[in-house]
Amino acid sequence: MLSRNWDQRKAKYDFVVVGSGYGGAIAAARIATASFNPKPSVCILERGREWPVGSFPDEAVAAAREFRSGLNPLGLYELLVYQDVSVMKGNGLGGTSLVNANVPSGRTGRYLRPSGGRGR
Ligand SMILES: Cc1cc2nc3c(=O)[nH]c(=O)nc-3n(C[C@H](O)[C@H](O)[C@H](O)COP(=O)(O)OP(=O)(O)OC[C@H]3O[C@@H](n4cnc5c(N)ncnc54)[C@H](O)[C@@H]3O)c2cc1C
């Protein structure tokens, strides 16, 4: 496991990064490998759980159980629905990279057409 339990945290860190997705992980890595002297301590806070290799839900019913909600705050998938766009994201160590898979893609002219221009 890469993560540590909450009760194993230190009392103090030089840097605290919130979220372990592409943004948080790279920021933390850059800080940790920068040539600071002394080397800073870095803490990444992640609200989701770690998903060890082989633990992912691999069929529909198991995946459906892993939606994040008030009742399931550690759920892997989070669906945010807004008026114009909905966002599927990942919740866990690794952020949305955890769910960068199994996405059918198709051209939808409505969304790819530049505003005021002609779609291709
Ligand atoms: C289905 C899908 C497929 C994709 N495929 C690709 C691909 O093939 N290649 C590619 O480059 N990109 C892909 N992307 C896009 C890529 O995953 C995102 O751009 C990237 O993950 C965004 O990084 P981020 O750090 O901003 O956010 P995220 O990766 O979403 O990370 C945010 C993290 O912060 C945590 N968090 C949020 N709030 C808190 C809090 N208050 N306290 C603690 N933790 C918190 C979340 O749990 C999450 O782990 C895909 C996205 C999706 C949805």
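Listed values, structure above:
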quantity	calculated
Karplus-derived 3J(HN,Hα), 6.51/-1.76/1.60, for each residue of the stretch 68-74, Hz, glycine and proline x	6, 7, x, 7, 9, x, 9
HN-Hα J in Hz across the stretch 91-100 - Karplus 6.51, -1.76, 1.60, θ = phi - 60°, x for Gly and Pro	10, x, 5, x, x, 5, 4, 4, 10, 7
Long-range HN-HN contacts of LEU45 with modeled amide H, under 5 Å	VAL17, VAL18, GLY19
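Taken together, the values in this text are just the output of simple stated rules run on the coordinates, not laboratory data. None of these values were measured; they are calculated from a predicted model.
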